[in-house]
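J.: Mind looking over this structure? Questions follow.
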Amino acid sequence: MKYYVRTYGCQMNVADSDEMSRLLDARGLGPTDDPEVASIYLMNTCTVRQHAEDRAFSEVGRLKRWKAASPDRKLVITGCAAERTREFLEDRFPHVDLVVGAKSIGDFGPIVDRLLERQPTDLGLDYAAGAMGDRVSAFVTVMRGCNYSCTYCIVPYVRGRESYRPMDEILDEVGMRVEEGTRDFTLLGQTVNSYHRNGGRGRHTDFAALLEAVAGVPGVGRIRFISPHPYYMTDRVIDAMASIPAVCEGLHLPVQSGSNSVLRAMLRNYTREQYVELVARLRDAMPRLVLSTDLIVGFPGESDADFEKTLSLVEDVGFDWAFVFKYSPRQGTPAAGLPSWPDDIVEARHRECLERVERIAIGNRSRFVGTTQEVLIEDGGFGRTRGNYKVRVDGDLPAGELVDVVITNAERATLEGMMKNTSCDATTPDRSSNCPKAFG
Ligand code: SAM
Ligand code: SF4
């Protein structure tokens, strides 16, 4: 029996899809890239913006034919849109067999057992389910949910309050993935750096300690994390980032707006000045930091002057790249009740902001031309720098190889480079040479 997975949305959803896939694997099902040979079609949905939800729903509609081709086929809809619109999905699409909301992903194993009419699987089996494939890079969820109430955001409604995985469980997962070939780890959570656990006997763990512990797992080469919230980017976290060699100099730190009145209306809990000052501290500690962000344009009440402040923030901070989102009203959130801007205004701001971001980004990228970057090869001739730039590398290199690459072109978001040319004995990797290297 085969299953097919379609994932919409953010890295949290990718990680959730991986987790659900592992649970299906543990039940003896196998993955396939071809929905036509699949008995289970698992669609993991996103609801952060209306557009993502619309795309998922139209795919659910089209899958009526897929389902009709065989009565044994099961269509399973999971994730954030499933959490928000369960009743609508069940009423509007009777061909859907099962709806599992984002808050119930942790119970996916027993839920699937009921769907497949099987005896509940031994829970130990779920725990021991292997990691996905032998990927060089992997996401590891360290916390779920969000305690913030950003006025535009649906996430706290569909994913619930914050909960933090025990450190031992995280370290076990990291160790298991290292054994399967993973070297590059991205720790995931909606406010990932708020991670903390109060252990017994006064033991307290925070995000800085988590970074240190993950770096201590033998075989871990690189560590990143997403999404950190500026409020929890404490000196302890900055010190840990700067002092732990495995933690990469690439940070995605969402700011959303450059205007204090918009930030206040969004309930982001920091000002423009505090964000700029935080970036200065980060760059003091990590001069080669590659910094990216999320921006929302067209938020209710965002005046021309507010929008100009977002453009000037892009210039002042000099982001290396950014996601620019058009504000999308989400039913049930406080901002959804406020008057929206007409589409043409939002479109125009979106275009202008993207152009500004791209202009700065190209200037920043050009500084890499001629430099040597440490690149971890992922697959198909592509790899990543420590700053998280994707690089197309000349030459046929196996995934997992760590090589020095001279950057030859930075006009596009994906850099181009050539492996540094030396004669070397590839069987003795050495950090100081230009041969394939080893982590450590
Ligand atoms: N928790 C992360 C944080 O606070 O930085 C962000 C998680 S959210 C899933 C990813 C991004 O989607 C946000 O940073 C924001 O820019 C964008 N986003 C969230 N809600 C949105 C909305 N209603 N309209 C447009 N963009 C939105
Ligand atoms: Fe949404 Fe704000 Fe929580 Fe991020 S911090 S998930 S934007 S409510």
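J.: Using a cut-off of 14 Å between beta-carbons, work out the net charge of the residues near L311 (Lys and Arg +1, Asp and Glu -1, L311 not included).
T.: Neighbour charge sum, excluding L311 itself: -3.
J.: Could you order peptides 273-280, 108-115 by the average number of other Cβ atoms within 10 Å of their residues, highest first?
T.: The peptides rank, most packed first, as 108-115, 273-280.
J.: Could you go through segment 388-398 in sequence order and give the Karplus-derived ³J(HN,Hα) for each residue, using 6.51 cos²θ - 1.76 cosθ + 1.60 with θ = phi - 60°, rounded to whole Hz, and x for Gly and Pro?
T.: Result, ordered by residue: 6, 7, 7, 10, 8, 10, 5, x, 9, 10, x Hz.
J.: By the scheme Lys and Arg +1, Asp and Glu -1, what is the net charge of all other residues having a beta-carbon under 13 Å from that of D235?
T.: -2
J.: Once every Cα of segment 134-203 carries one equal point scatterer and solvent is ignored, give the base-10 log of I(q)/I(0) from the Debye formula at q = 0.25 Å⁻¹, two decimals.
T.: Values returned for q = 0.25 Å⁻¹ are -1.05.
J.: For a protection proxy built on the mean count of beta-carbon atoms within 10 angstrom, sort 307-320, 351-364 highest first, please.
T.: 307-320, 351-364
J.: Report the relative contact order of segment 156-222, percent, no decimals, based on alpha-carbon pairs under 8 angstrom and at least 6 residues apart.
T.: Once normalised by length, the contact order is 38 percent.
J.: Ok, one more. I'd like the Karplus ³J(HN,Hα) series for segment 245-253: coefficients 6.51, -1.76, 1.60, θ = phi - 60°, whole numbers in Hz, and an x wherever there's a Gly or Pro.
T.: x, 6, 6, 7, 8, x, 9, 9, 10
J.: Continuing with the same structure: Work out from phi, with θ = phi - 60° and the Karplus expression 6.51 cos²θ - 1.76 cosθ + 1.60, the ³J(HN,Hα) of each residue of segment 291-301, listed in order in whole Hz, and give x for Gly and Pro.
T.: Working through the residues one at a time gives 10, 10, 8, 10, 10, 10, 10, x, 5, x, x Hz.
J.: Right, another one. Per-residue ellipticity at 222 nm for the chain, helices alone: DSSP H runs ≥ 4 residues times -39500 (n - 2.57), over residue total, nearest 500 deg cm²/dmol?
T.: Mean residue ellipticity at 222 nm (helix-derived): -11000 deg cm²/dmol.
J.: Also, I was wondering about something else. Averaged across orientations, what area in nm² does the convex hull of the alpha carbons in the chain project?
T.: 22.9
J.: Kindly work out what percent of the DSSP beta bridges joining two residues of the chain are antiparallel, to the nearest 5.
T.: 35
J.: Amide H neighbours of M143 under 5 Å, at least 5 residues apart or on other chains, H built in the peptide plane: list them.
T.: HN-HN under 5 Å from M143: R165, L188.
No value in this document is a laboratory result; all are computed from the given coordinates. Note that the structure is a prediction, hence the values are computed from the model and not measured. Using ideal geometry, Cβ is built from the backbone for each residue, glycine included, and neighbour counts are taken over all protein chains shown.
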